[in-house]
1. Tell me the label-point distance for the pair H313, S47, using the 7 Å Cα-to-Cβ offset, in nm and rounded to one decimal.
2. If Lys and Arg each add +1 and Asp and Glu each add -1, what is the summed charge of the other residues whose beta carbon sits under 10 Å from the beta carbon of G254?
3. Using a Förster distance of 25 Å, how high is the FRET efficiency between Q37 and S192, based on the Cβ-Cβ distance and rounded to 0.05?
4. In the structure shown, do any of K189/K223; K270/K294; K260/K329 have a Cα-Cα gap over 20 Å, and if so which?
5. Find the centroid of the Cα atoms in the range 160-180 and in the range 183-198, then give the distance between the two in whole Å.
6. In angstroms, what radius of gyration and Dmax does the range 229-288 have, counting Cα atoms only?
7. So for the range 294-342, taking the charge dipole from beta-carbon charges (+1 Lys/Arg, -1 Asp/Glu), which of A339, Q297, F312 sits furthest toward the positive end?
8. State the Kirkwood hydrodynamic radius of the range 294-342 in Å, one decimal place, computed from all pairs of distinct Cα atoms.
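Please treat every number below as a calculation from the coordinates, not as lab data. Since this is a predicted model, take the numbers as computed values, not measurements. Cβ coordinates were reconstructed from backbone atoms using ideal geometry, including for glycine residues, and neighbour counts include every protein chain displayed.
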Amino acid sequence: MDVSTLDPLSAQLAIELEIEDMDANINAILPDLDQAQRDMVEKQHYSFREKLVNQLGLLRIQVEFGLSIEDTQIMIDDELIARLRDSSIDKGGKSGVGGGSVDFAKDGPITSKHDDALALTDGRRPAVPTQPADPAPSSTSLRKEEEHLCSVCLDSFPAKNTTTLDCEPERHTYCHTCLAHLFETAVFKETSLFPPRCCQKDIPLDIGRELLSKDLIKDFDLKVEELKSPNPTFCSNRECAKFIRASEIQHNIGTCPFCKDKTCSTCKGKAHEEQLCPQDPDTISLQDEAKRSKWQQCSECKNMVELSAGCFHITCRCRHHFCYLCGAKWKTCECVTLAEEYVVIPDAA
């Protein structure tokens, strides 16, 4: 999954959803496979899943400590080297090389930012140094507000600043910053994540909408309508190319609210001077029938006219005069005015 164009928090959300989808999909297909196929599929699944988990760990470090990708990798590499070096020291604290001893218990456990970062890569919370106990609160002090842990950034927030979703089998809690970021990513950046979801269950759009800034709500509503449209129409003006809502399309012609250009909602190109789109299936069927029946179309109102008898001077019901043979305005062509097949001889009395 390519998340190189996303910021760390958006990429983290995208990978978490990808892992959820992968786990759900493999559980659905495994029962239909024989043992050999299951072994192969599981091997490929867990190999790719491990890569995603490692990538997710690096992203969590970036989000937690605000580091670049390069600094994150250097931190992890340095820590792994240090751990390999320390593994040569025996349980008594003696070095396998120099023979000296180190008393690790003298000053208590030592934690570092490196330890915290590495802990994030394997799904653990960073170690927290022991803090001196606060004095007992007085009876007049206020009770501390209840806090919830965000499932994304793993920080604690006041309950009023979090939202717990109806996920299954486990309900997940999001801080409002992470939840708003998920919605912005799914709607504006990585639309393959739309609709926003957790544990493969769609998150109600109203929940995210309430968390957006007023400046984004109008764009959000328009983008949601676009993403929910099965056959969206965009402005044919390439310099604009904005989405045209269904309410702005009349008789298959959409009027862009931004540049006012008109677009055919059938072929998605510039609106035709004629009323009918040549790619419209009904139009194609009508034109085929017109050729077979020798009908002619009025160039003004676009209605079809059938001549059963008489001359080729047609006066349409819209009062337009044209030639039945070529469709041109009357007296502007060189067609004959009459043909024998259209002459009707009245029966003798």
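1. Once both label points are built, they end up 8.4 nm from each other.
2. Values: positive: R245, K262, K268; negative: E248, D261.
Charge balance near G254 sits at +1.
3. Details: r = 28 Å, r/R0 = 1.11.
Plugging the Cβ-Cβ distance into 1/(1 + (r/R0)^6) gives 0.35.
4. Details: K189/K223 11 Å; K270/K294 29 Å; K260/K329 31 Å.
From K189/K223; K270/K294; K260/K329, over 20 Å: K270/K294; K260/K329.
5. Between the Cα centre of the range 160-180 and that of the range 183-198, the gap is 16 Å.
6. Calculated on Cα positions, Rg and Dmax stand at 11.5, 37 Å.
7. Among A339, Q297, F312, the one farthest towards the positive end of the dipole of the range 294-342 is Q297.
8. Details: mean 1/r = 0.0929 Å⁻¹.
Evaluated over the range 294-342, this radius sits at 10.8 Å.
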